[in-house]
Amino acid sequence: MGLNLIVLVKQVPDTQNITGEAMKEDGTVNRAALPAIFNPDDLHALEAALEVKETIPGTKVNVLTMGPPSAVQVLKDSLYRGADFTALISDRKFAGADTLATSYALKCAIEKIGAYDLVFCGRQAIDGDTAQVGPQTAEKLGINQITNVSMIESIDPKKKEVVARRSIEGGFEIVKSGFPVLVTINDEEYIPRPPSVIRMMTYKNASVEGNGGTYDESYMNSAQVKRNQDVISLWDIATINADVESCGLSGSPTKVKKIESVILKSEDIKMIENTGDAIAQMVHELIADHTLG
Amino acid sequence: MSSKNSVMVFIQQDDGIVSEVSVELISKARDLADKLKVKVAGVLIGDGVAKKCEDLYPYGVDEIFLVEDKRLAHYTPVPYTKIMVDIIKKQSPQIVLYGATTTGRDLGPRIASNLKVGLTADCTDLQIGDYKFKDSEYKDILYQIRPAFGGNIIATIVAPEKKPQMATVREGVMKVGTPNPGLKGKVTPVPFTFSDSDFPSEILKRLREEKLVDLKGAQVIVAGGIGVGSKENFKLIYDLAHTLGAEVGASRAAVDAGFISKDHQVGQTGTTVRPKLYIACGISGAIQHRAGMSESARIIAINTDAEAPIFQIAHYGIVGDLNDVIPKFIKAFKAKQ
Ligand SMILES: Cc1cc2nc3c(=O)[nH]c(=O)nc-3n(C[C@H](O)[C@H](O)[C@H](O)COP(=O)(O)OP(=O)(O)OC[C@H]3O[C@@H](n4cnc5c(N)ncnc54)[C@H](O)[C@@H]3O)c2cc1C
Ligand SMILES: Cc1cc2nc3c(=O)[nH]c(=O)nc-3n(C[C@H](O)[C@H](O)[C@H](O)COP(=O)(O)OP(=O)(O)OC[C@H]3O[C@@H](n4cnc5c(N)ncnc54)[C@H](O)[C@@H]3O)c2cc1C
């Protein structure tokens, strides 16, 4: 008897290389300025789900993402790695969502899937950096959660129980929970498998062509997506039965008031020559002003 | 005495010991509450922890709501959420603060989701100010200041329309106030009845080691990066630290390379430090590293690459091989003593 697993993944701007240009004046992110990637932790979450699928025959892995049309890239990538079904949750009305509105939309989408056993999230997305969406979604679904999981230790489909190892400050906890439960997976143990070449051949046309993996706010022709509905579905606000007021900006209590780029303060650096004398002089200064000694 | 409109702190305890970040938050809550002319409330959940309350009054908490039960000894999300939601609904605080710890980041979002209020993650500063939005003006709103985008930007977030305004706050960034033994508070035990379904998580095993490395308390930190080259060569870093009476820090790359254990890591995903002196040896100064040490009063950078970004925040820069510079440093310090 297989399990029904749901994995939540996010396409994120690659925050390793951000310039001031990446923010619009209204405080929203100009994602077009950054290359878009599969959120790193979410690859670990997908791997965790795929490993469960390998141990329990008949298990189905469903991958959901909420985002602009170009986010279909992470769904294709999930198919290449072994997902069975994917859905893009996309609607203009989702735009500007904070974590509360995001978790509400994800909850509605999960409920559309119907009965499920486990929900896998990444621990944290590298753009918003909040790690809030997982727990918020669990609360909205009324289910238990285990966060910051490094490893699923065991899973018992008959008893409907999972045992997970969770990292805490200075150590770990081994936690047991019944189904359904939401787990967030960190980057400590799971090594994401690469996309399978065979699956790439099978699914490479499984979606409309995006735009080379960069974010693009323009909306795709949904008719084109519908042709491949068996593996990638497009769900809008009506499909998932979501209340418009609880989505997007209107459903978001937090507002970005101000954004500042972090600027290196290169004030009065004193360059010290690499000689015994110069270093002794520096040490002398530091002792004199009570920094050392 | 009512805690309506108060600034409330979730007081985290681990194995019966109140976490340091909770004391930092009570100190900060006191500041905010004085500006807003309201009280500071705390919520302490656990088993046999009542006696801890006495230790917290001197930092400025007026009233602690206490919930005790055997099954609450260790944090699990479902019962803790239920308790916090109930207390928040009854007490109507205007602000609720949580440490941005594994526990706080597990609990805060569940409460926010239940109450349908905002939650700002991992704040490094909190201020009170006014906010104009469309035609509305909001007075005395909490400015929640946090890094995002991997530390590349600092965002000020507000949630003016709904109460409470909630935030998780990074450990080690708020200063602990000077305790005032004259300050008195009170404990209000809150009775709760639980059913088995309130405890869906069972902790089978729990292993936690008290930190042997005290980076936060250190006045001087000598930190090594990939430039140190090997685990064996970290001895040089230890030698300098030992000479100066300093603690040893490291970059994540040095930790990942196995040169040193993770509890030494400084930075966004390690410890945030603000010592009197931070000596960065063979560390390039990536934004995630700087996020944890740029508030140090003095920074010395030792690096072979004159273009390394660490020099842009350093007060003293030495371009050179650390294998050559550190022995000179040790010699110079010993000579001065
Ligand atoms: C500068 C800045 C600061 C922000 N600060 C806050 C803040 O303090 N509080 C707040 O409420 N919002 C904040 N936001 C908004 C927040 O980034 C968005 O709501 C975002 O959609 C989700 O949050 P996250 O990126 O932090 O994801 P996280 O909560 O870190 O994501 C955790 C996991 O949830 C899942 N997940 C997250 N998003 C999706 C998705 N769209 N589709 C599928 N799965 C998903 C993934 O598994 C992911 O690994 C901020 C945004 C910006 C630009
Ligand atoms: C999400 C995320 C979180 C992260 N969190 C953290 C964090 O908490 N802490 C952290 O530190 N990093 C963190 N990082 C990693 C960070 O981006 C950098 O990769 C890391 O800090 C680099 O470490 P380093 O400076 O030791 O190595 P490098 O960047 O490789 O720099 C090594 C430096 O040593 C110098 N050098 C080499 N040989 C010598 C010599 N003989 N003498 C003197 N100098 C020499 C080189 O010139 C170079 O500047 C994080 C990254 C991500 C993506």
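Within the stretch A:177-186, not a single residue is more than 20 Å from B:Pro200 (Cα to Cα), out of contact with any strand residue (DSSP E or B) (no Cβ under 7 Å at 6 or more places or on another chain) and within 16 Å of ligand 2 (Cβ to nearest atom). Residues in the stretch A:234-293 that are closer than 28 Å to B:Gln127 by Cα, of a type in the set (A, V, I, L, M) and more than 8 Å from chain B (Cβ to nearest Cβ): A:Leu249, A:Ile263.
For the stretch A:179-220, the candidate set comprises residues that are modelled with pLDDT of 95 or more and in a strand (DSSP E or B); within that set, the residue that is farthest from the other protein chains (Cβ to nearest Cβ) is A:Ile185. Checked against the criteria, B:Pro181 counts as touching a residue at least 24 places away in the same chain (Cβ under 8 Å), out of contact with any Ser or Thr (no Cβ under 7 Å at 6 or more places or on another chain) and open to solvent by 70 Å² or more (accessible area, probe 1.4 Å). In the stretch B:285-296, the qualifying residues are those that are part of a helix (DSSP H, G or I) and more than 16 Å from ligand 1 (Cβ to nearest atom), and the one that is most open to solvent (accessible area, probe 1.4 Å) is B:Arg290.
Checking each residue in the stretch B:96-105 for being within 12 Å of ligand 1 (Cβ to nearest atom) and either of a type in the set (Ser, Thr, Tyr) or within 8 Å of another protein chain (Cβ to nearest Cβ) (or both) picks out only B:Arg105.
Here the stretch B:223-276 is the region considered, the condition is being assigned to a helix (DSSP H, G or I), under 23 Å from the mean Cα position of the chain (by Cα) and within 11 Å of ligand 2 (Cβ to nearest atom), and the residue that is farthest from the other protein chains (Cβ to nearest Cβ) is B:Ala254. Annotation: of all residues in the stretch B:297-306 being at the interface with chain A (Cβ under 10 Å from one of its Cβ atoms) and open to solvent by less than 40 Å² (accessible area, probe 1.4 Å), the one that is nearest to ligand 2 (Cβ to nearest atom) is B:Ile302. Taking B:Gly282 as the residue in question, decide whether it is over 21 Å from the mean Cα position of the chain (by Cα), on the phi > 0 side of the Ramachandran plot and either more than 10 Å from chain A (Cβ to nearest Cβ) or crowded, with 19+ Cβ neighbours inside 10 Å (or both). Yes: the conditions hold for B:Gly282.
A count restricted to the stretch B:164-173 and to residues that are open to solvent by 10 Å² or more (accessible area, probe 1.4 Å) and within 10 Å of chain A (Cβ to nearest Cβ) stands at 1. Applying the selection to the stretch B:101-153, what residues are small (Gly, Ala, Ser), more than 25 Å from A:Glu260 (Cα to Cα) and over 19 Å from the mean Cα position of the chain (by Cα)? Passing the criteria: B:Ala112, B:Ser113.
For the stretch A:112-132, residues that are open to solvent by 40 Å² or more (accessible area, probe 1.4 Å) and within 13 Å of another protein chain (Cβ to nearest Cβ) total 1. Residue count for the stretch B:11-52 satisfying the condition of being away from chain A (no Cβ under 14 Å), more than 21 Å from B:Pro79 (Cα to Cα) and hydrophobic (A, V, I, L, M, F, W, C): 9.
For the stretch A:78-93, a residue qualifies if it is surrounded by fewer than 23 Cβ atoms within 10 Å (Cβ to Cβ) and assigned to a helix (DSSP H, G or I), and the qualifying residues are A:Tyr80, A:Arg81, A:Arg92, A:Lys93.
When A:Thr147, A:Thr184, A:Thr137 are checked against the criterion of being under 15 Å from A:Val7 (Cα atoms), hydroxyl-bearing (Ser, Thr, Tyr) and touching an Asp or Glu at 6+ places or on another chain (Cβ under 6 Å), A:Thr147 stands alone in meeting it. Residue by residue through the stretch B:114-142, note down the ones that are in contact with a Leu (Cβ under 7 Å, 6 or more places away or on another chain) and open to solvent by 10 Å² or more (accessible area, probe 1.4 Å). Once the filter is applied, which keeps residues that are in contact with a Leu (Cβ under 7 Å, 6 or more places away or on another chain) and open to solvent by 10 Å² or more (accessible area, probe 1.4 Å), the stretch B:114-142 yields B:Lys116, B:Ile128, B:Asp140. For the stretch A:133-170, the set of residues classified as more than 8 Å from chain B (Cβ to nearest Cβ), open to solvent by 10 Å² or more (accessible area, probe 1.4 Å) and touching a Lys or Arg at 6+ places or on another chain (Cβ under 7 Å) consists of A:Leu141, A:Met151, A:Glu153, A:Glu161, listed by residue number. Restricting attention to the stretch B:311-326, the residues that are over 13 Å from A:Lys270 (Cα atoms) and open to solvent by less than 60 Å² (accessible area, probe 1.4 Å) total 4.
For (1) away from ligand 1 (no atom under 16 Å from the Cβ); (2) charged (D, E, K, R); (3) open to solvent by less than 40 Å² (accessible area, probe 1.4 Å), each residue gets a yes or a no:
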residue: B:Leu207; (1), (2), (3): yes, no, no
residue: B:Leu212; (1), (2), (3): yes, no, no
residue: B:Tyr238; (1), (2), (3): yes, no, no
residue: B:Gly249; (1), (2), (3): yes, no, yes
residue: B:Ile260; (1), (2), (3): yes, no, yes
residue: B:His264; (1), (2), (3): yes, no, yes
residue: B:Gln268; (1), (2), (3): no, no, no
residue: B:Val273; (1), (2), (3): yes, no, yes
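Of the listed requirements (1) modelled with pLDDT under 95; (2) over 23 Å from B:Asp321 (Cα atoms), B:Ala286 misses just one: (2).
The values are calculated or read from the model by the stated rules, or taken from the named source; none is laboratory data. Not measured: the values here are computed from a predicted model. Glycine also receives a Cβ, built like all others from the backbone with ideal geometry; neighbour counts cover every protein chain displayed. Please note that ligands, DNA and RNA were not included when accessible areas were found on the heavy atoms of the full protein model with its side chains. Shrake-Rupley method; radii C 1.70, N 1.55, O 1.52, S 1.80 Å.
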